[in-house]
Structures are given as structure tokens and as C-alpha cells.
Amino acid sequence: MTPASRYTYLGPEGTFTEAALHTLPEAATRQLTPMVSVPAALDAVRNGEAQAAFVPIENSVEGGVTATLDELAGGRRLMIYREVLLPIAFALLVRPGTRLEEVKTVTGHPVAQPQVRNWLAGHLPDAMWESAASNADGARLVQEGRYDAAFAGEFAAATYGLEPLVTDIHDAENATTRFVLLGQPGRPAAPTGADKTSVVFWLRGDQPGALLEVLHEYASRGVNMMRIESRPTGEGIGQYSFSVDCEGHVQDRRVGDVLMGLKRSCRAVRFLGSYPRADAQPPTLRSGTADEDFVAAADWLSRCLDGRD
């Protein structure tokens, strides 16, 4: 297959990322290639070796996936075209015939540990935890005999010749991970009425009220911020970029006006795309913030300038 029909994703096979990717209809017609890291998956797109990359960006328990946030802020620009929300529950995968009382060592991705910590303390209090590169890699290590059990998706058991000893393990109800499909910069898809817009911005200076000034760009236009996270830029202590998701599409007048305000007030702004919300929830508009309100205000100003009002 050509790069135009290839999707990369954070591997190896048997990860929650792969399971989420298979929920996209187009995944059935693409060559799906697991990569060893988020940067490797994204660089394949940047270098023209793949059409898109699919990676985790946010978890409802642990927050933002720092590798993805840092790549979107620091690497060559890519855009988000789709998002997927996947409920997360773990299974304790073991070699066939292993009993629970025989499990002395367990492994899994570091992000998995906070999501199963209470279960582990209650059922395997003496088991030793060691982190793996991914949940699926933990399953592979169990297959090789290096650990007794791994926390991974139940669907990974068949891939690695294991069996789920316990299923539906999660400390937090409704734990969910958000994944995004990234491609080369291009024209965003048309608005659906239930969209999300993502940006990264850098403040112009470190002075009192600098962040408040930026937040006011959203608040004054009635645009709901769904997520904001800061990440160090590597330029020194106290130097941060801010990653933001908000309701709405860049073609919505209120959202476009916010982005123009950010461009005026920030040192730099990186547009990461407008795309359909996975939950399909339309925004609740505050009075005076619909597109027709912006059009009416612009018409009024034009009449004022012409001496007609």
C-alpha cells in the first residue's frame, strides 16, 4: 500500500490505541502500522510516510498525555481531524493456568497504575509492580515469562497467548481515554454544529494578568474552554505553552474572533484544527454570541461609519 493509505498508531498491537483506531470506519481500508512511540507515529506523517497518525491525547484519570501535547507544540505542525473517546477497563492477563494467589509480579503502562491502584492493593497487596512501555508490551513480557501478570485490554489476551484472569478492573467509574487522528495541515472539515477547536499558544510576556487576558478572549465571546493545560517549553524555568480545547468551529464567528484575539495578544499561536466532537454534543450559546449576533453587530458598526445610525 502507498503512504496515502497508511495510518500509524502508538503500538504495539493489542493496545487501547489500536482498539480505538478500529472504531473509525476508514480503518478497515487502511494499512495500520504500530509505532514504538508517539513521536515516531507523528514523524511518519510529517515525513510523508503515512497519511495520518492515531495517538492518545487525554485520559479522564491522569489528564493530558504529555508526549502528544509536547509533539503538537514543538514538532512540525500537524492538525487534528477526528477524535475518539474509548471507555477504559483493564483485565489481569496471565499465562494459562495461573491462579490469582500465584501472581507475585505485575506490569503495565505507567498510566495504567493509578487506574488500578486500589484494586491491586485490595487483591494483590504483596505483588511487585514494574512499568512497561505499553500495556500490550506488558502482555508480551508476561508471555515471555518475565512477569506473572499484566494489566491490559482484555482484547490483547489472544494476541499474546494469555488468558484474562480478572476482567473489568478500574478504580474510577467511567474512565475514558481520548484519542486523535492527526494529518498534514489542511482545510478543516465543514462545521457539524457539534465541533471542537484546539490551539497551542505562548504568552507574550511573564507579567501579572497575562494568562487572564488570554482567558478573557474566550470568556467575553461566550466560548466554553473544555481543557487547558500548560507544558514547559524547555526555554527555562517558568516558560510554558498552553494547550486549549474549546467548543465550536473556527468558522463560527465567536470562535474565529477568539483566535484573532489570541493572535493579537500572544507571542505565538498554533492552530491545531476544528473537528467533530466524539460525543456529538452541541454547545450551549450564551445570548449575544451566535453568528447572527456578530453579523448584526458588524452591520450596525458599518451603519455608524456611514452615518446611517
> If you plug each phi of segment 221-237 into the Karplus form 6.51 cos²θ - 1.76 cosθ + 1.60 with θ = phi - 60°, what whole-Hz ³J(HN,Hα) values come out, in order, with x for Gly and Pro?
Replying inline: 9, x, 9, 7, 7, 8, 7, 9, 9, 9, 9, x, 8, x, 8, x, 4
>> Between segment 180-195 and segment 264-309, how far is it from one alpha carbon centroid to the other, in angstrom?
In response: 18
> Under a Cβ-Cβ cut-off of 11 Å, what is the net charge of the residues other than VAL61 that fall near it, where Lys and Arg count +1 and Asp and Glu count -1?
Replying inline: -3
> Normalised by the number of residues in segment 42-195, what is the relative contact order in percent for Cα pairs under 8 Å and 6+ residues apart?
Replying inline: 40
> With the calculation restricted to Cα positions, what are the radius of gyration and Dmax of segment 208-267 in angstrom?
Replying inline: 12.2, 37
> Taking a probe of 1.4 Å, how large is the accessible area per residue of segment 231-287, in Å²?
Replying inline: 51
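Which whole-number value in Å² is the accessible area per residue of segment 82-208, probe 1.4 Å?
It amounts to 46 Å² per residue over segment 82-208.
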>> Quick check on the chain: helices-only [θ] at 222 nm, where DSSP H runs of length 4 and up contribute -39,500 (n - 2.57) each and the sum goes over total residues. Nearest 500, please.
In response: -8000 deg cm²/dmol
> By how many degrees, between 0 and 90 and to the nearest 10, does the Cα long axis of helix 113-123 differ from the longest principal axis of the chain?
Replying inline: 40
>> How are the alpha carbon pair distances in the chain distributed across 10 Å bins from zero to the largest one, expressed in percent?
In response: 6, 24, 28, 22, 13, 5, 2, 1, 0
>> Show me, bin by bin at 10 Å from 0, the whole-percent P(r) of segment 59-162 based on Cα pairs.
In response: 14, 42, 27, 13, 4
> Which order, highest average first, do 274-283, 165-174, 298-307 follow once you tally other Cβ atoms within 10 Å for each residue and take the mean per peptide?
Replying inline: 274-283, 165-174, 298-307
> At q = 0.14 Å⁻¹, what log₁₀ I(q)/I(0) does a Debye calculation on the Cα points of segment 162-309 give, no solvent, two decimals?
Replying inline: -0.81
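Rounded, prolate or oblate, given the Cα gyration tensor of segment 35-118, with a/c below 1.5 counting as rounded?
Numbers: a/c = 2.81, a/b = 2.15, b/c = 1.30.
Cα axes put segment 35-118 in the prolate bin.
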> Taking the Cα centre of each part, how many Å lie between segment 1-80 and segment 114-133?
Replying inline: 28
> Once amide H atoms are placed 1.01 Å from N in the peptide plane, what residues at a sequence separation of 5 or more from ARG227, or on another chain, have their amide H within under 5 Å of its amide H?
Replying inline: ASP245
> With Cβ to Cβ distances under 15 Å as the rule, what net charge do the other residues near PRO232 carry (K, R +1; D, E -1)?
Replying inline: -4
> Which percentage, to the nearest 5, of the DSSP beta bridges contained in the chain is antiparallel?
Replying inline: 75
>> I'd like the Karplus ³J(HN,Hα) series for segment 268-273: coefficients 6.51, -1.76, 1.60, θ = phi - 60°, whole numbers in Hz, and an x wherever there's a Gly or Pro.
In response: 7, 9, 10, 7, 9, x
> How large, in percent, is the carbon and sulfur part of the accessible surface of segment 127-244 at a probe radius of 1.4 Å?
Replying inline: 49
> Hey, got the Cα dimensions of segment 133-229 along the principal axes, in Å, largest first?
Replying inline: 56, 37, 29
> Can you tell which of GLN207, GLN184, GLN31 shows the greatest fluctuation in a Gaussian network model of the chain with Cα springs below 10 Å?
Replying inline: GLN207
> Could you give the nm distance between label points at THR233 and ALA290, where each point is 7 Å from its Cα heading toward the beta carbon?
Replying inline: 4.0
> With the contact rule set at Cα under 8 Å and sequence spacing of 6 or more, what percent relative contact order holds for segment 107-201?
Replying inline: 27
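The values are calculated or read from the model by the stated rules, or taken from the named source; none is laboratory data. Not measured: the values here are computed from a predicted model. All Cβ positions, glycine included, derive from the backbone under ideal geometry; neighbour counts span all protein chains shown. The protein model used for the area step is the full one, side chains on, heavy atoms only, and it has no ligands, DNA or RNA in it. Shrake-Rupley method; radii C 1.70, N 1.55, O 1.52, S 1.80 Å.
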